[in-house]
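Undergrad: For reference, the structure I am asking about is given below.
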Amino acid sequence: MNLLDGKFASEKIKIEIAQEAAAFLAESGRKPHLVAILVGNDGGSETYVASKMKNCEKVGFRSSLIRYDNSVTEIDLLAKIKEINQDSSVDGLIVQLPLPKHIDPEKVTETIDYRKDVDGFHPVNLGRMMRNLPCFIPATPYGILLMLQAYQIDTTGKHCVIVGRSNIVGSPMSILMARNANPGNCTVTLTHSKTHNLKEIILQGDIVIAAIGRKKFVTADMVKRGAIIIDVGINRETSTETKSGFKLFGDVDFDNVAPISSWITPVPGGVGLMTIVGLLKNTLASAKKEIYI
Ligand code: NDP
């Protein structure tokens, strides 16, 4: 078993991002600028946004956090997004999910200017990704590609089984792994909660990407010997064992799956760290107008 170490891979890429950000500052007189909107105070969301902001500072970006409490109206939130869309000092805008029930996440996603949509959720970016055109790739799938690249894993011709078909992870991942690129060129099976014989299908995977949201769902008896395992899941449980008061678990039963895998991502310390790198790379590309003018 070899570890796909998100800390190692992300730190290496962040050094390159920091160098490019410094060059951008020297040329343009400003830093790449990411704005995050956080609604409410969900524990997980607080942690993710804080980490994104901290990483921006680390690589020499400017970051701004706009907070609302849960009672913010959809109208007010959309008005703020439109205001930021017009602000030329902002390169990237993200709205942390989940949102309170009275706010439609689809409306929020579509209101963000696709040229600042560094999370890569906007239909324009998803559509362009589908057609292999320059776009912001959704941050988590992008992070997974960067991880595979960092460890020079050749995915060509492999059977990639993805568990979970969400718009932000599983579905875009299936497109990226199938396209004519490396990483890519896989034969892809996209599975979900209605899939029959899930265990038999996962057992066929040379690469298994688990994005389900269920602690230790993928067990050793479901995995082919030598498979590459990418665990996207972040399942947060309160714990008396840690200083923070909670513990994170993946969607894969790491202790039992790791010995039979060839490569595996840990949780924490795997895909989560690479997601932030995906976000930073998109923000830098936006500032440098590499995707859209
Ligand atoms: P969603 O809840 O949006 O989607 C979950 C998917 O898993 C759905 O497609 C669902 O199927 C499928 N699923 C649920 N139960 C089963 C089952 N028993 N068998 C097969 N498929 C099942 O989740 P996300 O994609 O947003 O997130 C997935 C996990 O990844 C979560 O733990 C989340 O916290 C984590 N995550 C981690 C990130 C990171 O940076 N590491 C970033 C984003 C998410 P159906 O469509 O049929 O309901």
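Undergrad: Taking C-beta distances below 4.7 angstrom as the pairing criterion, name the unpartnered cysteines of the chain, in sequence order.
TA: Cys56, Cys135 - these cysteines have no disulfide-compatible partner (Cβ-Cβ under 4.7 Å) in the chain.
Undergrad: Here's a follow-up. Between segment 33-110 and segment 254-293, what's the alpha-carbon centroid distance in Å?
TA: Segment 33-110 and segment 254-293 have Cα centres spaced 20 Å from each other.
Undergrad: Which value, in debye to the nearest 20, gives the size of the charge dipole of segment 1-63 about its Cα centre, when Lys and Arg are +1 and Asp and Glu are -1 at the Cβ?
TA: Here segment 1-63 has a charge dipole of around 140 debye.
Undergrad: Roughly how many debye, to the nearest 20, is the charge dipole of the chain about its Cα centre, given +1 on each Lys and Arg Cβ, -1 on each Asp and Glu Cβ, and no other charges?
TA: 260 debye
Undergrad: Now a separate question. Restricting everything to alpha-carbon atoms, can you work out Rg to Rh for segment 56-96 with a Kirkwood hydrodynamic radius?
TA: 1.01
Undergrad: Can you give me the % of accessible surface on segment 10-61 that is carbon or sulfur? Probe 1.4 Å, all protein chains present, nothing else counted.
TA: Values: 1300 of 2390 Å².
Carbon and sulfur: 54 percent of the exposed surface of segment 10-61.
Undergrad: Right, next: Evaluate Rg over Rh across segment 1-126, taking Cα atoms for both radii and Kirkwood's formula for Rh.
TA: My calculation of the ratio gives 1.00.
Undergrad: What's log10 of I(q)/I(0) for segment 139-270 at q = 0.20, 0.22 Å⁻¹, Debye sum over Cα points only, no solvent?
TA: Relative scattering, expressed as log10 I(q)/I(0), comes to -1.15, -1.38.
Undergrad: Output ³J(HN,Hα) for segment 54-64: one whole-Hz value per residue in order, computed from phi by the Karplus curve 6.51 cos²θ - 1.76 cosθ + 1.60 with θ = phi - 60°, and x for Gly and Pro.
TA: 4, 5, 4, 4, 4, 9, x, 8, 8, 9, 10
Undergrad: Here's a follow-up. Apply the Karplus parameterisation 6.51 cos²θ - 1.76 cosθ + 1.60, with θ equal to phi minus 60°, to every residue of segment 23-31 and state each ³J(HN,Hα) to the nearest whole Hz, in sequence, with x for glycine and proline.
TA: 5, 5, 4, 4, 7, 9, x, 9, 8
Undergrad: Continuing with this model, one more query. Over segment 144-293, with the other protein chains present, what is the accessible area per residue in square angstrom, probe 1.4 angstrom?
TA: 45 Å²
Undergrad: Taking DSSP loops as anything outside H, G, I, E and B, show the longest stretch in the chain free of GluC sites (Glu not before Pro) there with at most 16 other beta carbons within 10 Å. Please report the intermediate quantities before stating the final value.
TA: Numbers: sites that count: Glu241, Glu290.
Answer - 1-240.
Undergrad: From zero outward in steps of 10 Å, how is the percent of C-alpha pairs of segment 63-146 spread across the bins?
TA: So the P(r) values, bin by bin, are 16, 48, 30, 6.
Undergrad: Once you place label points 7 Å from the Cα toward the Cβ at Lys194 and Ala178, how far apart are they in nm?
TA: Spacing of the two 7 Å Cα→Cβ label points: 1.7 nm.
Undergrad: Of the DSSP beta bridges with both residues in the chain, give the percent that are antiparallel, rounding to the nearest 5. Show your work: numbers first, answer last.
TA: Details: 4 of 33 bridges.
The answer is about 10 percent antiparallel.
Undergrad: Convert each backbone phi in segment 239-244 into a coupling constant with the Karplus relation 6.51 cos²θ - 1.76 cosθ + 1.60 (shift: θ = phi - 60°), then list the ³J(HN,Hα) values in order as whole Hz, x for Gly and Pro.
TA: Along segment 239-244, the couplings run 8, 8, 7, 10, 5, 6 Hz.
Undergrad: Also: Just need the Rg to Rh number for the chain, please, alpha carbons only, Kirkwood Rh.
TA: Working: Rg = 18.8 Å, Rh = 19.6 Å.
Taking Rh as the inverse mean 1/r over Cα pairs, Rg/Rh reads 0.96.
The values are calculated or read from the model by the stated rules, or taken from the named source; none is laboratory data. Keep in mind that this is a model prediction, so the values were computed, not measured. Please note: Cβ atoms are built from the backbone with ideal geometry, for glycine as well, and neighbour counts cover all protein chains shown. Calculation scope for accessible area: heavy atoms of the full protein, side chains included, ligands and nucleic acids excluded. Shrake-Rupley method; radii C 1.70, N 1.55, O 1.52, S 1.80 Å.
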